[in-house]
Structure formats: C-alpha cells, structure tokens
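Written below as structure tokens is the structure these notes are about.
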C-alpha cells in the first residue's frame with residue numbers, strides 16, 4: 001500500500017511539472033535591441049547620455065517638440081548627425097526611454113539649422129555621458 005501511494009504521488013508530481021498550462025513565458029526584455037538602435041543606421045552619433053531614476057522617484061524629461069514623459073525610469077539620449085538628402089546632413093537628437101507604464105518608448109528631434117537641440121531632465125541620475133558605447 002505504501003509503494004502504491006508513493007508511486008501515485010510521484011506520478012501526480014511529474015504530471016504537474018510537465019503540464020503545459022503551468023509553463024510561463026520568460027519576461028520581456030526591457031533593454032533596447034542593440035541590433036535595432038533608436039536612430040537610423042546611417043546616422044553618425046557623437047555623444048550619448050544615460051540616465052536612471054533612483055528609487056523610482058518622480059523623474060521626467062522634456063525634449064524639443066512634443067518629446068517627453070513623466071514617471072520615467074530610464075532615459076538614453078544620443079546626439080549626432082543623420083542624412084537629410086543627397087550630400088546633406090542634419091543635426092539630430094534621438095532618445096530612448098522607459099516609464100512605469102511604458103516599457104519602451106523613443107523619439108527624435110532634427111534641427112532646421114536655427115533650432116537649438118536640448119532636453120530638460122528632472123530628478124534623474126546621470127549614469128554615463130561621453131562617446132557612444
């Protein structure tokens with residue numbers, strides 16, 4: 001009787017472990033895909049900034065145009081030039097971010113020659129600034 005109970009318990013455990021309904025998908029990656037950067041491949045990036053929000057505080061950013069977000073947890077900004085036509089290049093600012101509600105967002109701003117490209121970053125910690133990694 002003890003052998004039968006032990007065998008039954010073992011079979012039930014194996015069935016539970018192999019049940020496909022119990023399988024879980026791995027969590028989605030939060031890092032941007034390095035093969036798919038947030039700027040066109042023909043761009044020449046000269047500088048980057050990487051920010052994080054310490055302790056999940058009230059962090060935000062605002063870039064030219066309609067770019068920006070609140071409840072930001074991570075922000076990467078890239079400055080460089082991009083092709084703007086035959087033998088023409090334009091100064092551009094690209095950004096990649098995550099918030100408490102959006103796992104991946106991005107945007108860009110292109111200078112028309114007179115516009116100043118700048119971003120206001122609030123409450124975030126500068127983790128890196130320098131040449132592109």
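7 Å from Cα along Cα→Cβ at both residue 71 and residue 126: what's the point-to-point distance in nm?
2.8 nm
For the stretch 49-119, report the translational diffusion coefficient in µm²/s to the nearest whole number, using Stokes-Einstein at 25 °C, 0.890 mPa s, and a Kirkwood Rh over Cα pairs.
D, rounded to a whole number, is 189 µm²/s.
Ranked highest first by average number of other Cβ atoms within 10 Å, how do 55-65, 80-90 line up? Display every interim value, and only then the final one.
Values: 55-65: 15.4, 80-90: 12.7.
Highest to lowest by the protection proxy: 55-65, 80-90.
Kindly list the residues of the stretch 71-98 that lie in the label zone of residue 110, defined by a backbone N under 17 Å from the point 7 Å along the Cα-to-C-beta vector.
78-95
Can you work out the FRET efficiency for the pair residue 88 and residue 58, with r the C-beta to C-beta distance and R0 = 41 Å, to the nearest 0.05?
Once rounded, the FRET efficiency stands at 0.50.
Since every read-out is calculated from the coordinates, none of them should be taken as a lab result. In this text the structure is predicted, and so the values were computed from the model without any measurement. For neighbour counting, all protein chains shown are included, and Cβ atoms are generated from backbone atoms with ideal geometry for every residue, glycine included.
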